[in-house]
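> Below you'll find the structure I mean.
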Amino acid sequence: LQTRFILTSTRSGGLSLEIFDALQKAGLVPARGVGAVSPRDLLQVAALTIGASRSAGDRARHGSRLLQKLEVPPGWTAADLRLSALAARYHRGALPSIQKPYAVLSPEEQHLVDCLGGILRLADSLDSQHDRRIRGIAVTQHDGRTDIIADGYDPRSKQAEKIAAARHLLEHAFNTAL
């Protein structure tokens, strides 16, 4: 059972990085200041944390708490760990809102958490069946619309419903239809 959780989290984490890279190439992912931990690294740590907490009852909160208990790694700050923890927290369940840990962030940090949490939500939904049906991700932009193309996507599947719901946070973060 634990092996399945590790494999699933690796797949979801891989999809989240694929989505991130495609969105970054399209110029949609916010950058951070010089010397700051990259958004991709924040995302990767959040994805690994989600995988580590797969067997916990409330995975979203458990992964977030797990990160908050860690010692700050070299080159990171406590604020960096909080951003990863919040991205992990919002990968499913409640949307970011006026909850204190989110509300005290700057607007730029809130936007970053929305982006990273939205990417994690979408990746989790793309792998919700654990069947590796989604084989690759591409992003295109035209006429003010951003399309995320998932190779292997079936629009008439139960998974398609989950994907439609999961894209909401990303649409909000990027202020565009996906």
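The values are calculated or read from the model by the stated rules, or taken from the named source; none is laboratory data. None of the values given here were measured: they were computed from a predicted structure. Using ideal geometry, Cβ is built from the backbone for each residue, glycine included, and neighbour counts are taken over all protein chains shown. The area values use the complete protein model at the heavy-atom level, side chains included, leaving out ligands, DNA and RNA. Shrake-Rupley method; radii C 1.70, N 1.55, O 1.52, S 1.80 Å.
> Of all residues being of a type outside the set (A, V, I, L, M) and either buried (at least 20 other Cβ atoms within 10 Å of the Cβ) or modelled with pLDDT of 80 or more (or both) in region 52-75, which is farthest from residue 142 (Cα to Cα)? Just the residue, please.
Of all residues in region 52-75, those of a type outside the set (A, V, I, L, M) come to 53-55, 57-59, 61-65, 68-69, 71, 73-75.
Keeping just the survivors that are either buried (at least 20 other Cβ atoms within 10 Å of the Cβ) or modelled with pLDDT of 80 or more (or both) gives 53, 59, 63-64, 71, 73-75.
Values: 53: 38, 59: 36, 63: 36, 64: 36, 71: 44, 73: 40, 74: 41, 75: 38 Å.
Checking each candidate, the answer is 71.
> Another question about this same structure. Quick one: in region 150-178, of everything that is outside any helix (DSSP H, G or I) and modelled with pLDDT of 80 or more, which residue is nearest to the chain's Cα centre (by Cα)?
Among those that are outside any helix (DSSP H, G or I) and modelled with pLDDT of 80 or more, it is 167.
> Continuing with the same structure: Among the residues of region 80-104, write down those that are farther than 11 Å from residue 121 by Cβ and surrounded by fewer than 14 Cβ atoms within 10 Å (Cβ to Cβ).
Scanning region 80-104 gives 94, 97, 98, 99, 100, 103, 104.
> So, of the residues in region 87-102 that are among the basic types (Lys, Arg) and within 13 Å of the chain's Cα centre (by Cα), which turns out to be farthest from residue 43 (Cα to Cα)?
Looking only at region 87-102, we keep the residues that are among the basic types (Lys, Arg), and these are 89, 92, 100.
Filter once more, keeping what is within 13 Å of the chain's Cα centre (by Cα): 89, 92.
Values: 89: 12, 92: 14 Å.
Applying the filter and picking the extreme gives 92.
> For region 105-155, which positions are open to solvent by less than 40 Å² (accessible area, probe 1.4 Å) and aromatic (Phe, Trp, Tyr)?
none
> Identify the residue in region 37-51 that is at pLDDT below 85 and not polar (S, T, N, Q) and, among all such residues, is most open to solvent (accessible area, probe 1.4 Å). Give the steps one after another, and end with the answer.
Initial filter on region 37-51 (at pLDDT below 85): 48-51.
This time we only want the ones that are not polar (S, T, N, Q), so: 48, 50-51.
On the way: 48: 121, 50: 8, 51: 10 Å².
The extreme case among them is 48.
> So which residues in region 134-163 are in contact with a strand residue (DSSP E or B) (Cβ under 6 Å, 6 or more places away or on another chain) and more than 17 Å from residue 25 (Cβ to Cβ)?
Scanning region 134-163 gives 134, 135.
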